[in-house]
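Working notes for the structure below.
The values are calculated or read from the model by the stated rules, or taken from the named source; none is laboratory data. Every value quoted in this text rests on a predicted model; they were computed, and no experiment measured them. Neighbour counts are summed over all protein chains in view; Cβ atoms, including those assigned to glycine, are modelled from backbone coordinates with ideal geometry.
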Amino acid sequence: MSKKSPHFGKLPALYNFFLNPYSDDRFPICPRCQGKTEDKKVPLVIHVDPAHPVSLNYTCAYCARCDLLIAHQDEIESYLTQMFLKLDPKSIGQDYMVMGTFDYAYWEQGLKSPNDAGDLLNNLHGFKKYLNFNRGDEAPKIPAMFKKKADKTQELISMMQTHLPIAVRVAPEWLPSFRNQGMPISAKQSIYIHAVFDGGEEMGIACDVTSSSNKKKALVVSLTFLEVIGDTPLAKAMRHYQKERKSKLGR
Ligand SMILES: [Zn+2]
């Protein structure tokens with residue numbers, strides 16, 4: 001009982017731990033002994049890359065016979081997403097690791113005044129063991145709301161790639177710069193996106209709109225410069241992206 005965790009923490013190890021990847025099973029029945037589990041609320045300590053320790057007072061499923069604590073991945077990730085939307089949106093989608101539980105008194109004191117991050121390991125009960133229970137029927141579904149936010153751009157890019165070429169117009173304020181780049185077009189004229197790729201933080205979603213009548217002059221622009229046509233789900237997703245990116249850049 002007084003043994004330290006082989007993983008983290010200076011306090012005696014508590015619990016075997018299972019991060020449940022199945023969003024359709026809350027494990028009212030223990031996957032190890034088939035007995036009934038109970039609810040157990042504990043201050044979970046989660047390390048989020050690169051350097052965010054967070055604690056979460058979270059109700060796990062618990063089997064006393066197996067000393068098995070079960071946290072549900074989709075719930076944990078949803079909490080992390082909510083937390084990091086305020087704290088540090090860049091960290092949404094980063095890898096994370098449930099390290100153990102805090103000593104309850106230490107956790108309560110942290111609610112009143114922030115704990116010193118350097119003290120974390122001194123007040124952490126690491127887990128005895130990390131366990132995995134595979135149902136074997138299918139690959140675990142990863143609802144992963146936590147990951148989805150960061151991959152939203154990638155999702156839109158893939159969606160656009162299956163619909164190429166995509167007709168768009170040039171937003172009126174950008175017509176002069178298109179003219180300067182050898183593409184004298186009017187606000188009513190459609191142009192086509194022939195290829196789309198991730199242009200990184202700076203450019204966002206990059207669209208190749210090289211004119212088919214002037215292939216020598218390649219023209220790649222950010223999706224934010226283009227006016228989306230139509231009302232399809234794709235068009236809506238592209239507009240939504242533009243709106244989000246504009247408000248992000250405006251900040
Ligand atoms: Zn059990």
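Annotation: Y22 fulfils all but one of (1) in contact with a strand residue (DSSP E or B) (Cβ under 7 Å, 6 or more places away or on another chain); (2) away from the ligand (no atom under 16 Å from the Cβ); (3) aromatic (F, W, Y); the unmet one is (1).
Does V42 count as under 26 Å from Q94 (Cβ atoms), under 22 Å from the mean Cα position of the chain (by Cα) and not acidic (D, E)?
No: the conditions fail for V42.
Among the conditions (1) buried (at least 20 other Cβ atoms within 10 Å of the Cβ); (2) at pLDDT below 80, the only one that T101 does not satisfy is (2). Would you confirm, using the coordinates I've provided, whether F84 is over 19 Å from K128 (Cα atoms) and either outside the structural domain of R135 (by TED's automatic domain parsing) or among the aromatic types (F, W, Y) (or both)? For F84, the condition - over 19 Å from K128 (Cα atoms) and either outside the structural domain of R135 (by TED's automatic domain parsing) or among the aromatic types (F, W, Y) (or both) - is met.
Across region 118-156, which residue is modelled with the lowest pLDDT among those that are outside any helix (DSSP H, G or I) and basic (K, R)?
Start the filter on region 118-156 by keeping residues that are outside any helix (DSSP H, G or I), which leaves 124-144.
Keeping just the survivors that are basic (K, R) gives 128-129, 135, 141.
Values: K128: 93, K129: 90, R135: 74, K141: 46.
Of everything passing the filter in region 118-156, K141 is modelled with the lowest pLDDT.
Of the residues making up region 87-104, those that are within 16 Å of the chain's Cα centre (by Cα), among the polar types (S, T, N, Q) and either farther than 12 Å from V48 by Cβ or part of a strand (DSSP E or B) (or both) number 0. One residue stands out in region 184-222 among those that are among the hydrophobic types (A, V, I, L, M, F, W, C) and part of a loop (DSSP other than H, G, I, E, B): the one that is surrounded by the most Cβ atoms within 10 Å (Cβ to Cβ), namely V209.
Yes or no, residue by residue, for (1) surrounded by fewer than 19 Cβ atoms within 10 Å (Cβ to Cβ); (2) at pLDDT below 90; (3) more than 16 Å from the ligand (Cβ to nearest atom):
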residue	(1), (2), (3)
N16	yes, no, no
K40	yes, no, no
P50	yes, yes, yes
A71	no, no, no
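A search for C-beta distances below 7 Å between a residue of region 16-37 that is in a loop (DSSP other than H, G, I, E, B) and any residue that is of a type in the set (S, T, N, Q) and more than 8 Å from the ligand (Cβ to nearest atom), counting only pairs 6+ apart in sequence or on different chains, returns P21/Q73; F27/N20.
Against the test of being of a type outside the set (K, R), within 16 Å of the ligand (Cβ to nearest atom) and surrounded by fewer than 19 Cβ atoms within 10 Å (Cβ to Cβ), the options C33, C60 yield a single qualifying residue, C33.
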